[in-house]
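The values are calculated or read from the model by the stated rules, or taken from the named source; none is laboratory data. Source: prediction; values computed, not measured. Cβ placement follows ideal geometry from the backbone for every residue including glycine, while neighbour counts extend to all protein chains displayed.
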């Protein structure tokens, strides 16, 4: 059932070349990355630094006041290890002022506001420093719909969008990402103690095996025969189906030629 074995040396080389080539196509030579203290942003930062040189990578830390101390320390560890430029912008005043205006306490909606606030700031600094915004979203999050439209799904290039979460963990070790970042539970840090997997009701490793086999054309029955828990399969597929709308480009009308005279 193991599917995540990858040629990390070849993958690393390919993604570094990808970042180099995509940046060279643009009018810029720098990249801006939101550094969260998690594995995804760490992997992208390490790839970008090797691809562009530390002098051309700007890491931006965008904490909200409830962010865990561990994530703050891990974000700082990535910045210091790579020696890249660093900026910190506390988004608490922006989010709290919005929260007061709309008088809303829903954690998920406010979490989405945080994500969109962060992306708007990344693009502000990308414009200021003549840089591209590098995305940090992975294939698992995409298929599970665990992203915010026009938030963390917005970027100029995303080196890791074709990789499952479990593959990113393997790549992280190859790149030398600190082990405590590789090992810790992923979180959007919307509220204290929140983790991705607790929200899902299943782990990334469980989801990735299911998603990969479905992608290869296996049926639910095939997965059960492989020994995968049927209830977990149902949970994963239900989430994929219920978030399908988030993976569809915005609809635009196809206008009949008769409209134009």
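Mind counting the residues in the range 6-20 that are touching a helix residue (DSSP H, G or I) at 6+ places or on another chain (Cβ under 9 Å), surrounded by fewer than 18 Cβ atoms within 10 Å (Cβ to Cβ) and free of Cβ contacts under 8 Å to residues at least 60 places away in the same chain? Within the range 6-20, residues that are touching a helix residue (DSSP H, G or I) at 6+ places or on another chain (Cβ under 9 Å), surrounded by fewer than 18 Cβ atoms within 10 Å (Cβ to Cβ) and free of Cβ contacts under 8 Å to residues at least 60 places away in the same chain number 2. Every condition in (1) touching a strand residue (DSSP E or B) at 6+ places or on another chain (Cβ under 6 Å); (2) at pLDDT below 95 is met by residue 44 except one, and the failing one is (2). From the list 182, 224, the lone residue that is part of a helix (DSSP H, G or I) and closer than 24 Å to residue 111 by Cα is 182.
Please go through the range 90-110 and pick out each residue that is closer than 13 Å to residue 62 by Cα and under 19 Å from the mean Cα position of the chain (by Cα). Correct list: 91 only. Among the residues of the range 138-145, none qualifies, meaning not one is buried (at least 21 other Cβ atoms within 10 Å of the Cβ), modelled with pLDDT of 95 or more, touching a strand residue (DSSP E or B) at 6+ places or on another chain (Cβ under 9 Å) and in a helix (DSSP H, G or I).
Listed here are the residues, each with its yes/no results for (1) surrounded by fewer than 19 Cβ atoms within 10 Å (Cβ to Cβ); (2) touching a residue at least 12 places away in the same chain (Cβ under 8 Å); (3) more than 18 Å from the chain's Cα centre (by Cα); (4) over 15 Å from residue 235 (Cα atoms).
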| residue | (1), (2), (3), (4) |
| --- | --- |
| 163 | no, yes, no, yes |
| 171 | no, yes, no, yes |
| 183 | yes, no, no, yes |
| 186 | no, yes, no, yes |
| 197 | yes, yes, no, no |
| 220 | yes, yes, yes, no |
| 224 | yes, no, yes, no |
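Among all positions in the range 230-251, there is at least one residue which is modelled with pLDDT of 95 or more and in a loop (DSSP other than H, G, I, E, B).
Counting only residues that are surrounded by fewer than 22 Cβ atoms within 10 Å (Cβ to Cβ), touching a helix residue (DSSP H, G or I) at 6+ places or on another chain (Cβ under 7 Å) and on the phi > 0 side of the Ramachandran plot, give me the strands (runs of 3 or more DSSP E) lying completely in the range 25-127 with at least 2 of them.
Here the list is empty.
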